[in-house]
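Student: Quick one: the structure is below, questions incoming.
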Amino acid sequence: MAEQNRTPHTRTASYLAEPGEVHRVLLLYSGGLDTSVMLKWIQDEYEAEVVALTVNLGQPGEDYDVVQGKALQLGAVAAEVVDAREEFARDFVVPAIKANAVYGLAYPLFTALGRPLIAKLAVEYARRHGCDTVAHGCTGKGNDQVRIEATVATLAPELKVIAPVRGWQMGREEEIAYAREHGIAIKGGAEHTPYSIDDNLWGRSSEGRWIEQLDHAPDDDVFQLVTRPELAPDEPEIVTVGFERGVPVALNGEPLGIVDLLERAAEIGCRHGVGIVDHIEDRIVGLKVRDIYEVPAAAIILPAHAELERLVGTIHQNQFKGELDRKWAYLVYAGLWWEPLRTDLDAYMEAVNAQVTGTIGMKLFKGTARVVTRESPNAVYDAALSTFETSGGLFSQQASPGFIELWSLQSRMAHRLRTRGEG
Ligand code: ARG
């Protein structure tokens, strides 16, 4: 009887760790409140060792020595910091640029692109340190848990996962109390609730606080990266972006490595107030959430790339690619970076981008970034053909009426059928 009445302990997923399986944990450690509390909590709760891993994806202003010191002080047996900016830019952001990747018409996916890399590194370092489990600080309401756990489960079936925030039922107040009790320093103090921030070299998001009130217009203090447009310089600035085969390679004529280029573009964009996004997003777990994004580099690079791509592509390629771009962005948003369809799509993106070489000028002014100049050896454009000035040559205007008659044939027939009897 008693045996039958006991609530069966069921795992909701095969990759989740049972308490007895957790001996050495690779914790994805940001240095913030959640993962700092977690670093201690895992040691107490599981009597397990913790190896902390902090990944540098170009979060502006982060002091990684401080984060590492904090991890060790909280009892981590090792604290690794990896500078993954180059890999992030080259293998994640560049493919996103080639796919003109935005989700929900506005979000350039910086977080969604970062998570599979962070989780891939978690797997590498977990193996290197002989860990049996990966721990992360994501909640049960977001997309990041999906991206991280899908990656770990895909790349390392032998590793288990724990996600303490999903289960420990501590709110911010309890976490602060726990932190005080265990001597965990709270970055920025405990007085005010901070925004929930995530950032890397491709953008920054803010969530929480008044952002959850849809009728609350942005308070100025949310913008920690981009200058508010009303405070941006009164003089516009033109920045040119050079591309080779879809990859941004130069700014204002100066050849730059991809990380430098993206950081430099962000700087210029920040100055002119470009890349502020305030939008409602459909998360894959069903929730609608409001996000404030600051994406100064993406606001310059993505429209420049899209413009150049349109210039070198045919009408048919240009119509088709948008659909594939949307699919690419959705897969990545939805945590399926390792899905073969994404790599299949990348093969198409590569093929199209083979022609995407040239330079686009963007004019930045008080929050806007607008294409103003274009140049490409591969442009499917001939000024002599398109001009209003002269006629004749290769393009025969005399041929146009014949084209129009045939082009509109079915539409005209159908229209006649639908309007017969109308006198
Ligand atoms: N809504 C965006 C996304 O799902 C940004 C999430 C930011 N992540 C965070 N942990 N604050 O990609």
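The values are calculated or read from the model by the stated rules, or taken from the named source; none is laboratory data. Just so it is clear, the structure is predicted and the values come from calculations on it, not from any experiment. Neighbour counts run over all protein chains shown; Cβ positions are idealised from the backbone, glycine included. The accessibility values were calculated without ligands, DNA or RNA, using every heavy atom of the protein model including side chains. Shrake-Rupley method; radii C 1.70, N 1.55, O 1.52, S 1.80 Å.
Student: Taking the Cα-to-Cβ direction at Asp63 and at Ser411 and moving 7 Å from each Cα, how far apart do the two end points lie in nm?
Tutor: About 6.5 nm, to one decimal.
Student: Sort the following peptides by mean Cβ neighbour count (other Cβ atoms within 10 Å, averaged over residues), highest first: 265-273, 184-192, 86-94.
Tutor: Put in order of decreasing packing, that is 265-273, 86-94, 184-192.
Student: Sorted by mean Cβ packing within 10 Å, highest first, what order do the peptides 346-358, 136-148, 112-124 take?
Tutor: On the way: 346-358: 17.8, 136-148: 20.0, 112-124: 23.5.
Output ranking for 346-358, 136-148, 112-124: 112-124, 136-148, 346-358.
Student: Taking 0.36 nm per intervening residue step and subtracting the Cα-Cα distance, what contour gain separates Ala351 from Phe388 on full extension?
Tutor: 10.0 nm
Student: Among Ala177, Ala384, Ala99, which one shows the biggest mean-square fluctuation in a GNM of the chain, springs joining Cα atoms closer than 10 Å?
Tutor: Ala384
Student: Also, quick follow-up: Please list, in chain and number order, the residues 5+ apart from Asn56 or on another chain whose amide H is under 5 Å from its amide H, with Hs placed from the backbone.
Tutor: Placed amide hydrogens put Val82, Asp83, Ala84 under 5 Å from Asn56.
Student: Could you give log10 I(q)/I(0) at q = 0.23, 0.24 Å⁻¹ for the stretch 132-234, computed by the Debye formula over C-alpha point scatterers of equal weight, without solvent?
Tutor: Debye intensities relative to I(0), on a log10 scale: -1.34, -1.36.
Student: Per residue, how much accessible surface does the stretch 294-423 expose to a 1.4 Å probe? Answer in Å², no decimals.
Tutor: For the stretch 294-423, the per-residue accessible area is 63 Å².
Student: Quick one: helix 296-312 against the long Cα principal axis of the chain, what's the angle to the nearest 10°, folded into 0 to 90?
Tutor: Approximately 40 degrees, to the nearest 10.
Student: If you count only protein heavy atoms and use a 1.4 Å probe, how large is the accessible surface of Glu173, to the nearest 10 Å²?
Tutor: 130 Å²
Student: Now a separate question. If I take every Cα pair under 8 Å that is 6 or more residues apart in the stretch 179-255, average their sequence separation and divide by the length, what percent do I get for the relative contact order?
Tutor: Contact order relative to length: 13 percent.
Student: Here is a further query. Once the Cα atoms of helix 409-418 and of the chain are each reduced to a long axis, what angle between those two axes, in degrees from 0 to 90 to the nearest 10, is obtained?
Tutor: Its long axis makes an angle of about 80 degrees.
Student: Rounded to a whole number, what is D in µm²/s for the stretch 182-276 from Stokes-Einstein with the Kirkwood radius over alpha-carbon pairs (37 °C, 0.692 mPa s)?
Tutor: Estimated diffusion coefficient is 204 µm²/s.
Student: Could you please tell me the mean projected area of the C-alpha convex hull for the stretch 1-141, averaged over all directions and given in square nanometres to one decimal?
Tutor: Its Cα hull, projected and averaged over all orientations, spans 11.3 nm².
Student: Pairs of Cα atoms under 8 Å, at least six residues apart: use those to get the relative contact order of the chain, whole percent.
Tutor: 17 percent
Student: Here is a follow-up. Heavy-atom accessible area of Thr343 with all protein chains present, probe 1.4 Å, nearest 10 Å²?
Tutor: 70 Å²
Student: How big is the accessible area of Phe320 in square angstrom, nearest 10, if you roll a 1.4 angstrom probe over the protein chains?
Tutor: Accessible surface of Phe320 is approximately 90 Å².
Student: Hey, another quick one. Rounded to the nearest 500 deg cm²/dmol, what is the calculated helix-only ellipticity per residue at 222 nm for the chain, with -39500 (n - 2.57) per DSSP H run of length n ≥ 4?
Tutor: Roughly -12000 deg cm²/dmol at 222 nm, from the helical runs in the chain.
Student: Follow-up. Tell me, what is the FRET efficiency for Asn56 and Thr419 to the nearest 0.05, using R0 = 56 angstrom and their Cβ-Cβ distance as r?
Tutor: 0.25
Student: Moving to a separate point now. At a Förster radius of 41 Å, what calculated FRET efficiency corresponds to the Cβ-Cβ distance of Glu323 and Arg90, to the nearest 0.05?
Tutor: Efficiency, from the Cβ-Cβ distance: 0.95.
Student: Additional query: Which of the lysines could a cross-linker bridge to Lys70, judged by Cα under 26 Å and excluding same-chain residues fewer than eight apart?
Tutor: Partners found: Lys40, Lys120, Lys160, Lys187.
Student: Taking every DSSP beta bridge with both residues inside the chain, roughly what % is antiparallel (nearest 5)?
Tutor: 65 percent
Student: Please give the contour-minus-distance gain from Ile280 to Glu174: 0.36 nm per residue of separation, less the Cα-Cα distance, rounded to one decimal in nm.
Tutor: Contour length minus the Cα-Cα distance gives 35.2 nm.
Student: What part of the accessible area of the chain, given as a whole %, is carbon or sulfur when the probe is 1.4 angstrom?
Tutor: Ligands and nucleic acids excluded, carbon and sulfur give 52 percent.
Student: Sorted from largest down, what three extents in whole angstroms do the Cα atoms of the stretch 315-367 have along their principal axes?
Tutor: So the extents along the principal axes, rounded to whole Å, are 39, 27, 18.
Student: Per residue, what volume in Å³ does the Cα convex hull of the chain take up?
Tutor: Value for the chain: 241 Å³ per residue.
Student: Based on alpha-carbon atoms only, what is the radius of gyration of the stretch 321-423 relative to the globular estimate 2.2 N^0.38 Å?
Tutor: Ratio of Cα Rg to 2.2 N^0.38 Å: 1.73.
Student: Next up: Once both axes come from the Cα atoms, what is the angle between helix 258-271 and the longest principal axis of the chain, in degrees from 0 to 90, rounded to 10?
Tutor: Helix 258-271 sits at roughly 80 degrees to that axis.
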